[in-house]
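Student: After the structure tokens below, expect a handful of questions from me.
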Amino acid sequence: VTGVSLEMNANESAPLAAVLQYSADQTVRPRFTLSSEGEEDILITDAPSSASGPTPLLGMRPGREYMVSVSFEAKGGGAAVPGGDFALTTPPLPDDFPPIKVTTLRPARMEPGYQFVPTMRWTERGPDREFGLVFALDSAGEVVWYFRTDKSVNDVKRLSNGDLIYLAGRDGRMVQINKLGELVRHWHTTGIEKDDVPEGSHPVDCDTFHHDFVVMDNGNLLALSSEARDFD
């Protein structure tokens with residue numbers, strides 16, 4: 001394994017993630033051990049197997065200094081190959097981040113992993129359609145990842161490959177991003193005119209995407225929409 005590097009994500013939309021780069025002569029699985037003063041070490045062993053990066057690293061809390069030890073496991077097993085130790089500093093949460101207070105914690109009744117929470121900001125005029133946020137909480141209720149965007153996030157689901165897909169705004173948009181906050185795919189409805197559709201977006205012949213959608217077993221998306229009718 002050569003060319004190993006680990007740096008904080010350059011994409012400001014998802015600043016708590018880090019990016020591992022490497023190149024291997026066979027498929028390997030990266031392993032991470034995260035150490036921070038005053039906290040228990042975190043062992044991450046479920047990164048995707050590949051012969052090269054980029055590989056996202058999640059699980060770091062904001063405003064911390066971490067020492068991250070990286071190693072690689074071959075697909076067929078055997079001794080792990082060391083990849084090095086890296087110092088990372090995570091940024092604090094922004095001032096306008098919603099306050100979170102943990103009032104009840106029952107670890108024995110919790111599933112492992114992270115809880116992803118889509119968030120909408122309300123004003124005196126109703127929901128702020130130019131503020132979008134989805135964040136992930138660890139088992140202690142601490143933020144370990146978040147994604148900021150300029151359109152409201154109305155629902156979010158995790159795909160089998162780890163990407164997230166969500167409904168954006170109120171004029172008919174569906175967005176797929178990876179863990180680094182990078183745009184993977186974009187869909188837009190044609191029933192409502194839009195002037196800022198990204199290049200390569202997939203048009204869908206309906207008015208809107210309305211509140212909810214389902215990822216079907218064959219990979220298709222089943223979404224609610226609306227239909228305008230005139231009545232005497």
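Student: Rounded to a whole number, what is D in µm²/s for the stretch 15-58 from Stokes-Einstein with the Kirkwood radius over alpha-carbon pairs (37 °C, 0.692 mPa s)?
Tutor: 286
Student: Follow-up question, since we're still on this one. Starting from the alpha-carbon convex hull of the chain, give the projected area averaged over all orientations, in nm².
Tutor: Over every viewing direction, the Cα hull of the chain projects on average to 17.5 nm².
Student: Determine which aspartates and glutamates satisfy two conditions relative to Lys157: a Cα distance under 12 Å, and not lying fewer than 8 residues away in the same chain.
Tutor: Answer for Lys157, where 12 Å is the Cα cut-off: Asp212, listed by chain and number.
Student: Which lysines, on any chain, are close to Lys151 with Cα under 21 Å apart, when same-chain ones fewer than 8 places away are left out?
Tutor: Of all the lysines, those that pass the test against Lys151 - Cα under 21 Å, at least 8 places apart if same chain - are Lys179, Lys194.
Student: Could you work out the per residue convex hull volume over the alpha carbons of the stretch 56-114, in cubic angstrom?
Tutor: Spread over its residues, the Cα hull of the stretch 56-114 gives 154 Å³ apiece.
Student: Farthest toward the dipole's positive end in the chain, which of Leu137, Phe32, Leu58, given Cβ charges of +1 (Lys, Arg) and -1 (Asp, Glu) about the Cα centre?
Tutor: After comparing all options, I get Phe32.
Student: Another question about this same structure. Could you state how much accessible area Val1 has, in square angstrom rounded to the nearest 10, with a 1.4 Å probe and all protein chains kept in place?
Tutor: Taking all protein chains as shown, Val1 has close to 70 Å².
Student: Taking the stretch 135-197 as the region of interest, what is the percent of Cα-Cα pairs per 10 angstrom bin, listed from the shortest bin to the one with the maximum distance?
Tutor: 19, 50, 24, 6, 1
Student: Next up: Tyr22: accessible area at probe 1.4 Å, nearest 10 Å²?
Tutor: Ignoring ligands and nucleic acids, Tyr22 comes out at about 10 Å².
Student: Now a separate question. Pull up all non-local amide H partners of Ala51: gap of 5 or more, or a different chain, and H-to-H distance under 5 Å with H placed in the peptide plane.
Tutor: Close amide H contacts, sequence-distant or interchain: Val28.
Student: What size of dipole, in debye to the nearest 20, comes out for the stretch 32-100 about its Cα centre when the only charges are +1 on Lys and Arg C-beta atoms and -1 on Asp and Glu C-beta atoms?
Tutor: Using Cβ point charges on Lys, Arg, Asp and Glu, the stretch 32-100 gives about 300 debye.
Student: Provide the net charge surrounding Leu133, with neighbours chosen by a C-beta distance below 14 Å and charges set as Lys +1, Arg +1, Asp -1, Glu -1.
Tutor: Cβ neighbours under 14 Å give a net charge of -3.
Student: Ok, one more. How much accessible area per residue does the chain have, counting only protein heavy atoms and a probe of 1.4 Å, in square angstrom?
Tutor: 61
Student: Take the alpha carbon atoms of the stretch 5-103, find their radius of gyration, then divide it by 2.2 N^0.38 Å using N residues; give the quotient.
Tutor: For the stretch 5-103, the normalised Cα radius of gyration is 1.18.
Student: In the stretch 1-96, what GluC sites (Glu not before Pro) fall in a loop by DSSP, with at most 15 other Cβ atoms inside 10 Å?
Tutor: Those satisfying the criteria are Glu12, Glu37, Glu39, Glu40.
Student: Say a site is exposed when it is one of the trypsin sites (Lys or Arg not before Pro), sits in a DSSP loop, and has at most 12 other Cβ atoms within 10 Å; what is then the longest site-free stretch of the chain?
Tutor: 126-228
Student: Return one quarter of the surface area of the convex hull spanned by the alpha-carbon atoms of the stretch 59-188, equal to its mean projected area, in nm².
Tutor: That works out to 11.3 nm², a quarter of the Cα hull's surface.
Student: Filter the GluC sites (Glu not before Pro) in the stretch 105-196 to those in DSSP coil with at most 13 other Cβ atoms within 10 Å of their Cβ, and list the result.
Tutor: Glu124, Glu130, Glu193
Student: A follow-up question, please. Residue by residue through the stretch 45-56, what is 3J(HN,Hα) from phi via Karplus (6.51 cos²θ - 1.76 cosθ + 1.60, θ = phi - 60°)? Round to whole Hz and write x for glycine and proline.
Tutor: Once θ is set to phi - 60°, the couplings for the stretch 45-56 become 10, 10, 5, x, 7, 6, 9, 6, x, x, 10, x Hz.
The values are calculated or read from the model by the stated rules, or taken from the named source; none is laboratory data. Just so you know, these numbers come straight off a predicted model, no measurement behind them. FYI the Cβ positions are ideal-geometry reconstructions off the backbone, even for glycines, and counts take in every protein chain you see. Protein only, heavy atoms only, side chains kept; ligands, DNA and RNA dropped before computing areas. Shrake-Rupley method; radii C 1.70, N 1.55, O 1.52, S 1.80 Å.
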